[in-house]
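Working notes, beginning with the structure itself.
The values are calculated or read from the model by the stated rules, or taken from the named source; none is laboratory data. Remember, predicted model here, so these are calculated numbers, not experimental data. Note that we place each Cβ from the backbone using ideal geometry, even for glycine, and neighbour counts take in every protein chain shown.
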Amino acid sequence: MTGARELHVLTGPTAVGKTELALRWAEANDAEIVSADSLLFYRGMNIGTAKPTPAELARVPHHLIDIVAPSQPMNIADYVERARAAVDEIEARGRRVLITGGSGFYLKAFFEPVVDEVEVPVSLRAKVEQDLVNRGLAALVAELHELNPAGLAGLDIANPRRVTRALERCLASGRTLQALKADFESRPGPFADWTVRGVLLVREAAELEDRIIRRVDQMLADGLVAEVSRLDDAGIRQNPSAARSIGYRETLAVLDGTLSRETLAAEIVRNTKALVRKQRTWFRQQLPQLQRVEATTATVPALFAGAGST
């Protein structure tokens, strides 16, 4: 097939306009879409994630959407395994592959390694988590320094999650962070056998803010509060990644009585704008190889014309 062993990646910040452009490119290029959005995995999380509608999903085959219950966490290792299987299946059907979504860490899997081979026993993870509660973050950082006399390889020691994960990996492997990092960076990425072409959609800040405001207003009109209430009954709070996501955490606060219904839209807009700022920084620092394309002038025929390959 034309473009065999090529992956096309279309990303950008929240509300930039990825969905419709992705659909039109896929239709024009005999492609199927693999989602790289960490919230589209979850069944029932439709309105608050701006998930493609049934009509949109019917236009092009989609993968990795609605694959788990909202109470069931997903992680990067799960994603890589499922994404690789989906990509291989699409190629076997002789079709092109378009990756689209805005979740940076999941997107990074298409360009470089994101998962190492250190297996952390459940019992060890539980012990480290309990040590964090009983002994505090400073004690865990001190233990890491003892295990890593040459330094902590740039670890953010103010971030409890990063500290606990680093300590788990050192204890489980018996190796230093520097050794683990060197080994990790020498490994090929999960899609190293594919040519990857990536595009980052961009818009002016004022225009993007207006789109965010209109999107949030539409979500509330479409029944976001009722959706979150159903998801609450389905156990969404068992999955912190889902329950703490923008749109859902604010609505859960309304259901809990800690946020007023009148301020819900403004709070979601404020947090979405903050997310967009973080996304822009992340893409600039972590995936600088992406070709920037202005969303207002992007066309299907030229979409990946300037995108280099990796």
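Residue count for region 110-130 under the criterion of being of a type in the set (D, E) and either surrounded by 15 or more Cβ atoms within 10 Å (Cβ to Cβ) or under 22 Å from the mean Cα position of the chain (by Cα) (or both): the result is 3. Residue-level analysis places T258 outside the set of residues that are surrounded by fewer than 17 Cβ atoms within 10 Å (Cβ to Cβ), among the β-branched types (V, I, T) and under 16 Å from the mean Cα position of the chain (by Cα).
Put simply, of R169, R244 the only residue that is within 21 Å of the chain's Cα centre (by Cα) and basic (K, R) is R244. Every condition in (1) of a type in the set (D, E); (2) closer than 24 Å to R249 by Cα; (3) over 23 Å from the mean Cα position of the chain (by Cα) is met by E207 except one, and the failing one is (2). Applying the set (1) touching a residue at least 24 places away in the same chain (Cβ under 8 Å); (2) farther than 16 Å from D116 by Cα; (3) crowded, with 17+ Cβ neighbours inside 10 Å to E168 leaves exactly one unmet item: (2). Does I99 satisfy the condition of being of a type in the set (V, I, T), assigned to a helix (DSSP H, G or I) and within 25 Å of G308 (Cα to Cα)? Answer is no for this residue.
Given the criteria surrounded by fewer than 19 Cβ atoms within 10 Å (Cβ to Cβ), more than 23 Å from the chain's Cα centre (by Cα) and without any contact (Cβ under 8 Å) to a residue 40 or more places away in the chain, does V225 qualify? Spelling it out, V225 is indeed surrounded by fewer than 19 Cβ atoms within 10 Å (Cβ to Cβ), more than 23 Å from the chain's Cα centre (by Cα) and without any contact (Cβ under 8 Å) to a residue 40 or more places away in the chain. Among the residues of region 112-120, are any touching a Ser or Thr at 6+ places or on another chain (Cβ under 6 Å) and outside any helix (DSSP H, G or I)? So far as region 112-120 goes, yes, one or more of its residues are touching a Ser or Thr at 6+ places or on another chain (Cβ under 6 Å) and outside any helix (DSSP H, G or I).
Here V269, V293 are screened, and the one residue that is closer than 21 Å to R203 by Cα, assigned to a strand (DSSP E or B) and either outside the structural domain of S229 (by TED's automatic domain parsing) or of a type in the set (A, V, I, L, M) (or both) is V293. Looking across region 49-72 at every residue that is farther than 20 Å from A22 by Cα and of a type in the set (G, A, S), the one that is surrounded by the most Cβ atoms within 10 Å (Cβ to Cβ) is identified as A69. What residue, among those in region 73-92 that are in contact (Cβ under 8 Å) with a residue 60 or more places away in the chain and more than 16 Å from V196 (Cα to Cα), is surrounded by the most Cβ atoms within 10 Å (Cβ to Cβ)? Looking at the filtered set, the residue picked out is M74. Per the conditions (1) out of contact with any Gly (no Cβ under 6 Å at 6 or more places or on another chain); (2) over 19 Å from G17 (Cα atoms), the sole criterion not satisfied by L231 is (1).
A search for C-beta distances below 9 Å between a residue of region 289-310 that is surrounded by 11 or more Cβ atoms within 10 Å (Cβ to Cβ) and any residue that is hydroxyl-bearing (S, T, Y) and assigned to a loop (DSSP other than H, G, I, E, B), counting only pairs 6+ apart in sequence or on different chains, returns Q289/T310. Of V9, V16, V34, all but one fail to be closer than 16 Å to R203 by Cα and not in a helix (DSSP H, G or I); the exception is V16. Answer yes if at least one residue in region 183-198 is assigned to a loop (DSSP other than H, G, I, E, B), touching a Gly at 6+ places or on another chain (Cβ under 9 Å) and within 26 Å of Q291 (Cα to Cα), and no otherwise. No, region 183-198 contains no residue that is assigned to a loop (DSSP other than H, G, I, E, B), touching a Gly at 6+ places or on another chain (Cβ under 9 Å) and within 26 Å of Q291 (Cα to Cα). Which is among the small types (G, A, S), outside the structural domain of L201 (by TED's automatic domain parsing) and part of a helix (DSSP H, G or I), of A138, A58? After applying the criteria, what remains is A138.
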